[in-house]
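As C-alpha cells, the structure follows; a few thoughts come after it.
The values are calculated or read from the model by the stated rules, or taken from the named source; none is laboratory data. All values reported here derive from a predicted model rather than from experimental measurement. Virtual Cβ from ideal backbone geometry, glycine too; neighbours counted across all protein chains shown.
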Amino acid sequence: MEYFFVDLAQYTLEGTLKGLLYAVVAIAFIVIYRSGRILNLAIGEILIFMAYILWTFFSLAVLPFWIALTASFLAAVILGLLVERTIFRPLIGQPIWAIIMVNIGLMILIQGIVQVAWGGTERPFPKIFSEEPVKIGPLIFTNSIFWGGLLSLAIVAALTIIFSRTRWGLKLTAVAEEHIVAQAMGISVQKSIAIAWIIGCLLATFAAIVFLNGGTLTFAAAAIGLHALPVVLLAGLESIPGAVVAGIIVGVGESWAAAYLDPYTAGAMSQAFPYLLMLLVLLIRPQGLFGWKIIERV
C-alpha cells in the first residue's frame, strides 16, 4: 500500500509539472487570440522553428551559453513581429475561414523553411538543463520538467500580474475585450496585437527548451502544439489563470491514464484522454471552464 501512494504521488506531481508546461504553450495561443481574435494553429510549427534556431545558435561553439540563449529569444521577438506584420495583421476582422486557411498556409510555409534551411535529418537538441534528475525523498523527476514546471508557474504568475495590475497590461486586456472601445480610449490595437505575438513566440521558445532538452530534434516535435490545444479549449480562449488549472487537469489525467490505463489499452488512453475530456467539457460548457461568456445583441 505504501508503494501505491508513493507511485500515486509520483504520477500526480509529474503530471502537474507537465501540465504547467502545457499551460505555457496554451497561453501562447490565448494571448494571441485575446488580442486579435486569431487562433494561432501554427504554434507547434513556431515552436519547432524556434527549436532549430536554438540548435543553430548553440551549435556555434564561439558563442557563450548566455549569448546563444539571448540571441534565440531575440530571434523569437523578430519572428513574432514578422508573422504578425506580414501575415496576420491584414486578417483582423476577417471571417474565420480566412484565418483558418492562412493558418494552414503558415504551417506549410514553416515546414518548408525548416526543410530547406536544416534538412530532414535528426539533430541533438542542446542540453540547457542538467541531465541529473531531481530527487525529493522517494520521488524522482526529470530535471528539465521539474525546473521547467516551476518556471512555468512563475511565468504565468508574472503574466497574470501584468495583465491585471500594470497600465500596459490593462491596455492589452482592453484590446482583448473590444477593439473599437480600446481605440476610442487611445490605445493602439495594432501595437497591442504585435506585443501579443511577441509574447506567444517567446513562450513557444521556452517550451521548446524544456520539452526538447537533451533530446532529439525532429519536426515531429511540432505535435507539442496539438497536445496543448485541449488545454486551451478546456480553459477557455481568454483565461490565462484558467490555462494553469486546465493544464494541471490535463497533465495529471494524462499521467494517471499512462500509469493505470495504458497497460490495458495498448498505450492509447493517455493520448486520447485530453481530447475526451475536452469534448466532455465543451458539450457541457462550450466556452470552456473559464472562458468569457459574451452576450451580443442582434
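The residues of segment 12-49 that are of a type in the set (A, V, I, L, M) and within 23 Å of GLN94 (Cβ to Cβ), listed by number, are ALA28, ILE30, VAL31, ILE32, ILE38, LEU39, LEU41, ALA42, ILE43, ILE46. Taken as a whole, the structure places PHE219 among residues that are within 30 Å of LEU69 (Cα to Cα) and touching a residue at least 12 places away in the same chain (Cβ under 8 Å).
Being on the phi > 0 side of the Ramachandran plot and either of a type in the set (Ser, Thr, Tyr) or surrounded by fewer than 20 Cβ atoms within 10 Å (Cβ to Cβ) (or both) holds for only one residue in GLY236, GLY214, and it is GLY214. Residue-level analysis places THR160 among those that are closer than 23 Å to ALA243 by Cα, surrounded by 12 or more Cβ atoms within 10 Å (Cβ to Cβ) and touching a Pro at 6+ places or on another chain (Cβ under 6 Å). Only a single criterion out of (1) small (Gly, Ala, Ser); (2) out of contact with any Leu (no Cβ under 7 Å at 6 or more places or on another chain); (3) surrounded by 22 or more Cβ atoms within 10 Å (Cβ to Cβ) is not satisfied by ALA220, namely (3). Does GLY288 qualify as being among the small types (Gly, Ala, Ser) and either surrounded by fewer than 21 Cβ atoms within 10 Å (Cβ to Cβ) or touching a Phe, Trp or Tyr at 6+ places or on another chain (Cβ under 9 Å) (or both)? No: the conditions fail for GLY288. Of everything listed in (1) within 24 Å of the chain's Cα centre (by Cα); (2) at pLDDT below 85, the single unmet condition for LYS127 is (2). The numbered conditions (1) in a helix (DSSP H, G or I); (2) hydrophobic (A, V, I, L, M, F, W, C); (3) over 23 Å from ILE113 (Cα atoms) are all true for ALA221 except (3). With respect to being under 20 Å from LEU226 (Cβ atoms), at pLDDT 90 or above and either under 20 Å from the mean Cα position of the chain (by Cα) or not small (Gly, Ala, Ser) (or both), SER152 fits the description. When segment 62-92 is limited to residues that are over 19 Å from PHE206 (Cβ atoms), among the β-branched types (Val, Ile, Thr) and loosely packed, with under 15 Cβ neighbours inside 10 Å, the one that is modelled with the lowest pLDDT turns out to be VAL62. Which condition breaks for ASN103 when tested against (1) among the polar types (S, T, N, Q); (2) within 13 Å of TRP197 (Cβ to Cβ); (3) buried (at least 19 other Cβ atoms within 10 Å of the Cβ)? It fails just one condition, (2). ILE108 falls short of the stated requirement of being over 17 Å from the mean Cα position of the chain (by Cα), crowded, with 19+ Cβ neighbours inside 10 Å and among the β-branched types (Val, Ile, Thr).
Counting the residues of segment 261-287 that are in contact (Cβ under 8 Å) with a residue 40 or more places away in the chain and either touching a Leu at 6+ places or on another chain (Cβ under 6 Å) or part of a helix (DSSP H, G or I) (or both) gives 6.
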